[in-house]
Every structure is written in C-alpha cells, then in structure tokens.
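Data first, discussion second: the structure below is written as structure tokens.
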Amino acid sequence: MYIHVLGSAAGGGFPQWNCNCPNCHGVRTATIQAKARTQSSIAVSENGIDWVLLNASPDIRQQLFDFKAAQPARQLRDTGIRDVILMDSQLDHTTGLLTLREGCPIRVWCTEMVYQDLTTGFPVFNMLKHWNGGLQYQPIDPKQAFQIAGFEQLEFIPLVIQSAAPPYSPHRHDPHEGDNIALIIRDHNTAKQLFYAPGLGKIDEQVMQIMQQSDCVMIDGTLWTDDEMQQTGVGSKTGREMGHLYISGEGGSLSYLNQLSCAKKVLIHINNTNPILDESSAQFAELKAHGVEVAFDGMQIEL
C-alpha cells in the first residue's frame, strides 16, 4: 500500500491566511524552523498508479499539482484519482469537491449522516448535479467493511469515532453514529494495515486495540493542549469541544501512542497554533524522542 500525504494541516492551513500567532508569523518570516502546510488529506493506492482520495481539501488543486502521480497524462483529460472517501462533512474535508467538478462524475463514499449534511447544510451533492452527472453517492455502512472496484487488494473498514459534526450541520448538537469515522485500510497483498483518524476526539479500548494491530497509525494531532486556542488568544473553544483529542499530558494521545510498538506513528491535521510545527521546539523534540512523526505535505509511506 502506498500512502501519500497531500495536506497535513487543520482547517485554515499553515500559515492561516488571517493569523499572526507566533507560528504563522514565524513561518512567514522564516524565523522558526517550520514547513508551510495545506489542509489535511491523504491518498492511498495499491499499485502507485490508481489512487483513492481520503477527504477533499479546499487546497486540492495545489495538492494535486504537487503530487505528480495524480496526473499521469495518458489522455487529453486524465487523473490518477479514482474515488473519494469522506471521513466526515467538515468544510476543510469536503469543499475540495467543488474544485473537482470538472472531473465529474466522481464516486464519493460517505456515511448517510455525512450525505445528509452534504445535501442540506452544505448541499454540494445538489449543486454538482449540473456537472456531467455530478457526485455519485456510494454509501458507507459505518459497521460494514467495503471494497472499491479497481482496488481489489485493499479492504476499507470504517470505525465510528467520537468527534463532532461541523458547525453548519443541522444536527451539530445532536450527535449521530456516522457523523465521523476513522478508517482501517488493509492491504491483503502485503498483510499490512493503516489506521487513519484525522478527527479523533477520544481513544477508547476499541481504538487502542486497533492501533496496536496496525503497522501505521496516522491520527489527529490538532492541538498540543486542550486549551491551546484559548492560551494563544485565537479562539475560545477547547479541543474537546471541537471534537479533537489533545496530544500532551495525562489522557493525551501521546500517552496512548507511547504504548504502541508499530513502526510508524504519525500525527496529522495539525492546527496552526500547535508548537510541534516548529521543528526546533521542545514539543517537537519530545515527539521525536518517543518515535512519533509529524506529517508534512508530500510525506510518503509504503506498507
């Protein structure tokens, strides 16, 4: 299985266009050791030619330009992207579908709850019906494994996780099963497994067991501390209120990652305020000491 990180930042990217927090100001002025990042998305493939897109970021045009395998140029109009899977209906994971409209019809896999959001609060399925057949809804049963035509060696296993529906969702404060999923992706050719959860709000016993069984764990790294937005003065919400588990301290994701023996432990969906973006920071050094990597745009993993 080939994994390519298209984007590794949380909503707004890094630097965020209207933010002058120490990180954003520092990367603009090259006064910190940090890489600019687009909004989170990855692509997976079993052959390195045909790819499944996991989430469609607002930055998708630039991401696909930078990812040469996405444009194999075999014919006048062409792409290596075959299907799109949505983990949730957050704007930073779905608005890229608008940019992909020239490639319609496009098969889009998502749960019923995500489909409801994308036909009501943000009706992108409705809007794109006018572009060559639009988006072709492929339902994901959050309790059922599925396979995608053309990717016979890959098995996709959804896992319902605790997080939150987006602010625009008609049921923002009424959680439903399927608002957010993680994915276990098994390659039956190599017998390797990826666990991908960019919007993880809680690690329970089931999630921990899946992570222990995975060869690569790529999970939510939005915030270093739960009150990071408040401490940096850019917002009032905690990570948990936004559906994101913080990294550090008791109960943080690092305490769980430290219990894993898998070869690859990667944090993705990094908020612009997170000190781990600065590669000279004590927080980045702490992750490195524990064998945890910080995803960056263009990162490639092979399982």
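The values are calculated or read from the model by the stated rules, or taken from the named source; none is laboratory data. Values in this document were obtained by computation on a predicted structure and should not be read as measured data. All Cβ positions, glycine included, derive from the backbone under ideal geometry; neighbour counts span all protein chains shown. Just the protein is used for accessible areas: all its heavy atoms, side chains included, with ligands, DNA and RNA removed. Shrake-Rupley method; radii C 1.70, N 1.55, O 1.52, S 1.80 Å.
Worth a mention:
- Selection from the range 142-180 of residues that are in contact with a strand residue (DSSP E or B) (Cβ under 8 Å, 6 or more places away or on another chain), surrounded by 15 or more Cβ atoms within 10 Å (Cβ to Cβ) and among the polar types (S, T, N, Q): ASN180
- Qualifying residue in the range 238-246 (condition: more than 20 Å from the chain's Cα centre (by Cα), in a loop (DSSP other than H, G, I, E, B) and surrounded by fewer than 17 Cβ atoms within 10 Å (Cβ to Cβ)): no
- If the condition is being open to solvent by 20 Å² or more (accessible area, probe 1.4 Å), small (Gly, Ala, Ser) and within 16 Å of SER8 (Cα to Cα), then the range 273-303 contributes only GLY298.
- For first residues located in the range 112-124 and in contact (Cβ under 8 Å) with a residue 60 or more places away in the chain, partners that are open to solvent by 40 Å² or more (accessible area, probe 1.4 Å) and of a type in the set (Asp, Glu) and lie 6+ apart or on another chain with Cβ distances below 8 Å form the pairs MET113/GLU177.
- Here TYR115 fulfils each of the conditions (1) farther than 20 Å from SER41 by Cα; (2) open to solvent by 30 Å² or more (accessible area, probe 1.4 Å) apart from (1).
- So VAL108, is it outside any loop (DSSP other than H, G, I, E, B), in contact with a Gly (Cβ under 9 Å, 6 or more places away or on another chain), hydrophobic (A, V, I, L, M, F, W, C) and closer than 30 Å to ASN189 by Cβ: no
- For the range 88-95, the criterion of a residue being touching a strand residue (DSSP E or B) at 6+ places or on another chain (Cβ under 6 Å), free of Cβ contacts under 8 Å to residues at least 60 places away in the same chain and open to solvent by less than 50 Å² (accessible area, probe 1.4 Å) is satisfied by no position.
- Output for the range 23-48, where each listed residue is of a type in the set (A, V, I, L, M, F, W, C) and either under 11 Å from ILE81 (Cβ atoms) or crowded, with 17+ Cβ neighbours inside 10 Å (or both): CYS24, VAL27, ILE32, ALA34, ILE42, ALA43, VAL44
- Only residues that are open to solvent by less than 50 Å² (accessible area, probe 1.4 Å), at negative phi and touching a residue at least 24 places away in the same chain (Cβ under 8 Å) were counted across the range 125-141, and they come to 4.
- Taking first residues from the range 277-303 that are free of Cβ contacts under 8 Å to residues at least 12 places away in the same chain and partners that are in a helix (DSSP H, G or I) and of a type in the set (S, T, N, Q), no Cβ contact under 9 Å between residues at least 6 apart in sequence or on separate chains turns up.
- Residue satisfying all of: in the range 209-227; open to solvent by 10 Å² or more (accessible area, probe 1.4 Å), in contact with a Phe, Trp or Tyr (Cβ under 7 Å, 6 or more places away or on another chain) and not aromatic (Phe, Trp, Tyr); farthest from ILE161 (Cα to Cα) among these: THR225
- Looking only at the range 54-83, and only at residues there that are hydrophobic (A, V, I, L, M, F, W, C) and without any contact (Cβ under 8 Å) to a residue 40 or more places away in the chain, the one that is surrounded by the most Cβ atoms within 10 Å (Cβ to Cβ): ILE81
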